[in-house]
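Undergrad: Once you've had a glance at the structure underneath, I'll fire off some questions.
The values are calculated or read from the model by the stated rules, or taken from the named source; none is laboratory data. Only a predicted model underlies this, so the values are computations on that prediction, with no experimental measurement involved. Quick reminder, even Gly has a Cβ in these numbers, built from the backbone with ideal geometry, and neighbours come from all protein chains shown. Surface areas here come from the heavy atoms of the whole protein model, side chains and all, with no ligands, DNA or RNA. Shrake-Rupley method; radii C 1.70, N 1.55, O 1.52, S 1.80 Å.
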Amino acid sequence: PVGSTTYPGLQFTACAIHWVLRQFGKAYRMTINDICCYMPCWGGAAATLFIALFTYEVTKSRTAGVISAAIFCIIPGHLMRSMGGGFDNECIAMAAMLMTFYFW
């Protein structure tokens, strides 16, 4: 069956984003469908940011951070999981893991 491996955290995250955007007023209103379509893109951008920050923290080199972000954003596995419309657990998993590594 379709969707049998999706955990409820992803749907709760989409609903939380929807609720927060509604609090900002009509200028920031999005439908749940729009949010579900954009979440992989937002997760991909966040993952790329956190890999750059993590690399900078490890090496203390801005150049290394930029290079790691440039390489990371063209890796096929990352591109496959951060395409718009791919609402699945992996769309925010990389961002969550890299955020954990950075803040550890």
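Undergrad: I'd like the carbon and sulfur percentage of the solvent accessible area for the chain, probe radius 1.4 Å, heavy atoms only, ligands and nucleic acids excluded.
TA: 70 percent
Undergrad: What whole-number value in Å² describes the accessible area per residue of the chain for a 1.4 Å probe?
TA: Accessible surface, normalised per residue, equals 69 Å².
Undergrad: Heavy atoms only, 1.4 Å probe, whole protein assembly: order 15, 91 by accessible area, highest first.
TA: Most to least solvent-accessible, the answer reads 15, 91.
Undergrad: Would you calculate a helix-derived [θ] at 222 nm for the chain, using -39,500 (n - 2.57) for each DSSP H run of n ≥ 4 and dividing by the full residue count, to the nearest 500?
TA: Taking each H run of at least 4 residues, the total per residue is -23500 deg cm²/dmol.
Undergrad: Pull out a ≥ b ≥ c, the square roots of the eigenvalues of the alpha-carbon gyration tensor of region 45-104, then state rounded if a/c is under 1.5, prolate if not and a/b is larger than b/c, and oblate in the remaining case.
TA: Oblate shape, in that a/c is at least 1.5 and b/c is the bigger or equal ratio.
Undergrad: If you don't mind, another one. Mean-square fluctuation check for the chain, GNM, Cα pairs under 10 Å: which of 38, 28, 56 is largest?
TA: 28
Undergrad: Starting from the Cα of residue 70, step 7 Å along the direction of its Cβ; do the same at residue 34; then give the gap between the two resulting points in nm.
TA: Inter-label distance under the simple model: 3.4 nm.
Undergrad: Further question on the same structure: Who wins for biggest fluctuation among 77, 86, 44 in a Gaussian network model of the chain, springs between alpha carbons below 10 Å?
TA: With Cα springs under 10 Å in the chain, the top fluctuation among 77, 86, 44 is at 77.
Undergrad: For the chain, what ratio Rg/Rh do Cα atoms give with a Kirkwood hydrodynamic radius?
TA: 1.03
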